[in-house]
Every structure is written in structure tokens, then in C-alpha cells.
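The values are calculated or read from the model by the stated rules, or taken from the named source; none is laboratory data. Computed from a predicted structure; not experimentally measured. Cβ coordinates were reconstructed from backbone atoms using ideal geometry, including for glycine residues, and neighbour counts include every protein chain displayed. Ligands, DNA and RNA are excluded from the accessible area calculation, which covers all protein heavy atoms including side chains. Shrake-Rupley method; radii C 1.70, N 1.55, O 1.52, S 1.80 Å.
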Amino acid sequence: MRLLRRNTVYGPHGKLPVGRTKFNDDYVYREGGAEFIPGTSIPRLRPVRLGPRAIAFAEDEVEAVIEALRRESLTREMGKFNASSGARRKIHDRTGARG
């Protein structure tokens, strides 16, 4: 298991392109806090304490969160696409045009 320091996980050059506040509020698990990333069923990242202030995250967990977010966004996009194309098909069916 490879550990990633916090500054390599978030930020403009990190694996998750979010700012520090968004990362800490939405992606990091806190004892007694919400278990999932808001609006998803994806578990938050669990920090590994390296010292009094130093925190790291398991690379495989970070990669799993990224993959789950990617899959969830693709699923949402496909749902929007299917819903909009279905609406178009119904309009064409009513007018007698080919769809």
C-alpha cells in the first residue's frame, strides 16, 4: 500500500482537482461524520495519521474514489441522454416523422 500526502491528492496538480476546503469538507471522512461523499453512495477517504499534523491517504482508496466518481458521472450522463432522446422520439412519433 502506497501512501499519498494530502497535497498530492487534491489541488490543481493533484489526483482530485478540487480545492482544500472542498476536499476536506466533502471527500475526507471524519469520526462520527457522514460516511459518503455528498450526493453519492461513494465512501469518503479515510486519512492515515503519520504524525501529530501529517496526514496521508492510501493510493488505492484514492484511485477507487476517482473510478467510482467517473462511473457515477457516466451513469448520470447516460440517464440524461436517454431521457432527452426518449422525449424527442415521442415528439417525432406524434407528428408521423421518422425517428
**Request:** Just read off the accessible area of Leu69 with the full protein assembly in place, 1.4 Å probe, to the nearest 10 Å².
**Result:** 40 Å²
**Asked** For the stretch 1-74, what's the relative contact order in percent, using C-alpha pairs closer than 8 Å and at least 6 residues apart?
**Response** 32 percent
**Complete:** Residues whose built amide H sits under 5 Å from the amide H of Val18, excluding neighbours closer than 5 in sequence, are Gly11
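By average Cβ neighbour count within 10 Å, what is the ranking of 58-65, 28-35 from highest down? If you can, show how the numbers build up before the last one.
Details: 58-65: 15.8, 28-35: 10.4.
So the order, starting with the most tightly packed, is 58-65, 28-35.
Would you mind calculating the relative contact order of the stretch 35-79 from Cα pairs under 8 angstrom and at least 6 residues apart, reporting the percent as a whole number? Before the final figure, lay out the partial values.
On the way: 28 pairs, mean separation 12.0, N = 45.
Computed over the stretch 35-79, the figure is 27 percent.
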**Prompt:** Counting only the backbone N, which residues of the stretch 11-34 are under 15 Å from the spot 7 Å out from the Cα of Thr40 toward its beta-carbon?
**Reply:** 11, 15-19, 22-29
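Rounded, prolate or oblate: which one fits the stretch 28-78, using the alpha carbon gyration tensor with axes a ≥ b ≥ c (rounded when a/c is under 1.5, else prolate when a/b beats b/c, else oblate)?
Values: a/c = 4.33, a/b = 1.90, b/c = 2.28.
Here the stretch 28-78 falls in the oblate category.
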**Request:** Run the quick spin-label model on Glu67 and Ala54: label points 7 Å from Cα toward the beta carbon, then report their separation in nm to one decimal.
**Result:** 2.9 nm
